[in-house]
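The values are calculated or read from the model by the stated rules, or taken from the named source; none is laboratory data. Being a predicted model, the structure only gives us computed values, none of them experimental. Quick reminder, even Gly has a Cβ in these numbers, built from the backbone with ideal geometry, and neighbours come from all protein chains shown. These area figures cover heavy atoms from the full protein model, side chains too; ligands, DNA and RNA do not enter into them. Shrake-Rupley method; radii C 1.70, N 1.55, O 1.52, S 1.80 Å.
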Amino acid sequence: MRILGITDGQTSGAAVIEDGRVLAAVNEERIGRIKMARGFPWESIREVLKLTATDPKDLGGVAMAQVDMELREEVVGWPGWFEARAEEKDLHTKFFQVASRFGGLVPKVPGLMKAYYALRSPAFAHRRKRIEEILREDFGITAKVRWFHHHYAHATSAYYTSRFDDALVVTMDGGGDGHCSHVYSVKGGHFKKLNTADAYDSLGNYYAYVTAICGFKAKRHEGKITGLAARGKPAFRELFESMIGCEDGHLVNRGQVLFKKAMERIVERLPSDWAREDLACTVQLVAEQVAREYVAHWARVSGHRNVALAGGLFANVRINEEIHHLPEVDNLFIHPGMADEGLAVGAGLAYWGSEQRKAGVPYEPPGMDHVYLGNEYGEKDISLALRDAGLEFDHLPGRLESEVGERLAAGRVVARFSGRMEYGPRALGNRTIMYQPGDPSVNDWLNELLKRTEFMPFAPSALYEATDQLFEEPKGVLDTARFMTTTLHCTPWMTERCGGVVHVDGTARPQLVRQEDNASYWRIIEEYRRRTGVPAIINTSFNVHEEPIVRTPDDAIRAFLDSALDYLAIGDFLAKGPVGSDATRKKWEGRSKWGNAAHAPTAR
Ligand SMILES: [Fe+2]
């Protein structure tokens with residue numbers, strides 16, 4: 001039975017699931033070219049149905065993620081949490097402002113949160129009715145529509161794509177359907193809920209407040225805070241520990257504040273000369289501590305030693321490494337689309353899982369073989385796009401990988417567009433920019449070419465076979481590290497040779513590439529290793545500035561030319577850029593801000 005999963009909130013999208021396997025998954029942002037686009041995913045639904053050749057009439061069910069939310073039929077961008085509220089004058093925003101002002105009353109007035117959601121419920125009911133109408137009238141979908149709680153959809157995305165039979169499943173995010181976390185004990189596909197945390201007690205929100213206070217967009221640029229954190233000191237630990245904590249397995253908003261009020265409270269307690277690195281470092285360490293205590297508590301209570309995670313908080317690769325090192329945890333899996341972009345997959349899997357239980361089918365973990373679940377283009381489309389752009393190119397079937405390995409070894413930057421587009425926030429080889437990993441200044445000049453501000457070094461794609469040579473204690477995360485979902489501490493060998501990808505705290509966030517997951521990408525890294533002895537390359541997503549990852553050959557060519565990269569490996573073609581990266585590189589020679597982790601002072 002084929003199931004269509006849909007999410008229509010932030011980073012909306014759609015997925016098609018069959019027999020517990022994800023056949024296609026796409027997010028609206030890639031098609032509309034609007035980063036983290038929210039709203040009803042019209043184009044994603046069309047795309048996944050087309051990719052899987054599914055007749056809408058043959059669908060066995062539709063799974064909608066999130067029960068309580070206002071409908072947004074048009075697709076719009078996500079300017080940042082507070083910016084989105086300022087732009088909008090709808091009822092939801094008014095409620096948000098009131099909630100911000102009266103957040104302190106929540107623990108004192110029983111039922112206040114419930115009343116808040118009850119007041120908004122007519123708008124939620126309208127969304128549910130209207131979406132069923134849209135599916136019927138605009139898509140010809142008559143299958144039964146089922147609605148899944150935001151956090152249950154996160155939980156099912158994590159559990160069913162892990163290879164665990166029994167597991168502790170923990171979800172954590174800013175908030176969705178009134179909650180910021182669910183905890184489940186799962187065995188053989190049967191979920192038993194152990195804990196629910198109200199959105200009021202959200203750890204993710206405190207991280208978002210700091211993102212905004214540091215001048216970035218909340219619920220969009222949290223990765224910048226994670227990168228900055230390694231360069232600061234935990235100077236405001238006491239302040240944050242008085243705001244948010246974990247007590248006996250429960251998240252507690254000790255500050256009793258929300259939204260703008262919470263930011264005001266933090267800022268008024270900071271000294272006038274606070275440094276954003278220190279604020280970032282503090283919130284990161286406190287978030288690690290709270291998440292560690294929370295997961296450890298429920299791991300002890302449940303007795304599970306396998307842990308599966310999803311929810312926006314687990315986009316934080318350092319938190320994930322901390323959970324991996326808990327004495328209570330043997331094996332860890334993080335869903336590759338861990339934030340809300342993964343809710344369509346999660347809802348689809350929730351629907352499938354419930355049908356399996358109903359039918360009494362013994363549970364077989366479907367796992368996740370790969371994330372190449374988007375669209376792909378054939379030779380004809382690609383060569384046409386190259387010709388249209390006036391680029392010179394060679395057709396190199398069977399030897400493209402060795403030619404690319406050669407160029408990487410010669411220090412050139414090569415963008416790669418190949419096969420099906422990745423699902424989830426990370427580029428994992430098919431829409432990727434590649435470079436050799438030994439040059440620490442790459443983080444300056446390549447970010448400048450790509451028009452990005454980043455504080456985290458680029459990530460490495462490494463041969464799976466070389467894991468032990470490159471990383472300390474990878475046991476228990478080998479499956480999840482295929483998707484760049486956790487940091488690992490690097491070996492001295494790696495730190496010495498791969499200065500461009502090792503952070504000042506001695507970690508990197510690798511993609512471990514197995515031959516069976518992506519044969520062509522694996523071969524490129526192998527060709528590079530053959531020439532240099534280093535079994536890893538830099539992999540940064542193929543996009544420019546704040547745009548989503550490229551989707552079509554035209555997107556790829558535009559981003560390639562815009563960034564003045566050296567080569568474009570697209571399908572079996574290799575094109576040379578007209579400009580090249582040398583001028584920008586030269587500018588940064590000898591004045592890199594990054595330095596090699598081997599010689600950097602340790603911030604922790
Ligand atoms: Fe979420």
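A few points about this structure:
- The value of relative contact order for the stretch 433-518, using C-alpha pairs under 8 Å at least six residues apart, is 40 percent.
- Considering only alpha-carbon pairs that sit under 8 angstrom and 6 or more positions apart, the relative contact order computed for the chain is 16 percent.
- Projecting label points 7 angstrom from Cα along Cα→Cβ for Leu71 and Arg21 puts them 3.6 nm apart.
- Whole-number percent relative contact order across the stretch 146-198, with pairs defined as alpha carbons under 8 Å at least 6 apart: 30
- Placing +1 on the Cβ of every Lys and Arg and -1 on the Cβ of every Asp and Glu, with nothing else charged, gives the stretch 38-163 a dipole about its Cα centre of roughly 600 debye.
- Near the amide H of Ala24, within less than 5 Å, lie the amide hydrogens of Val16, all on another chain or at least 5 residues away, with H placed in the peptide plane.
- In this Cβ point-charge picture (+1 for Lys and Arg, -1 for Asp and Glu), the chain has a dipole of about 1020 debye about its Cα centre.
- Distance (nanometres) between label positions extended 7 Å along Cα→Cβ at Lys233 and Arg387: 6.4
- Selection from Ala15, Ile524, Gly311, by position along the positive dipole direction of the chain (Cβ): Gly311
- Sparsely packed loop sites in the stretch 378-418 (the GluC sites (Glu not before Pro) outside DSSP H, G, I, E and B with at most 13 other Cβ atoms within 10 Å) comprise Glu392.
- Solvent exposure of the stretch 273-330 amounts to 29 Å² per residue of accessible area, where only protein heavy atoms count and the probe is 1.4 Å.
- With only the Cα atoms considered, the chain has a convex hull volume of 147 Å³ per residue.
- With all protein chains modelled, accessible area of Met113 [1.4 Å, Å²]: 40
- For the chain, carbon and sulfur atoms together expose 50% of the accessible surface, with a 1.4 angstrom probe and every protein chain in place.
- Sequence-ordered 3J(HN,Hα) estimates for the stretch 18-33 from the Karplus curve with 6.51, -1.76 and 1.60 and θ = phi - 60° stand at 9, 6, x, 9, 7, 8, 7, 8, 9, 10, 4, 3, 6, 7, x, 6 Hz, glycine and proline given as x.
- Per-residue SASA remark: Phe236, around 30 Å² accessible (1.4 Å probe; ligands, DNA and RNA not included).
- 222 nm mean residue ellipticity, helices alone, for the chain (DSSP H n ≥ 4; -39,500 (n - 2.57); rounded to 500): -11500 deg cm²/dmol
- Computed 3J(HN,Hα) for the stretch 487-492, one whole-Hz value per residue from the Karplus formula 6.51 cos²θ - 1.76 cosθ + 1.60 where θ = phi - 60°, is 7, 9, 6, 8, 6, x, glycine and proline marked x.
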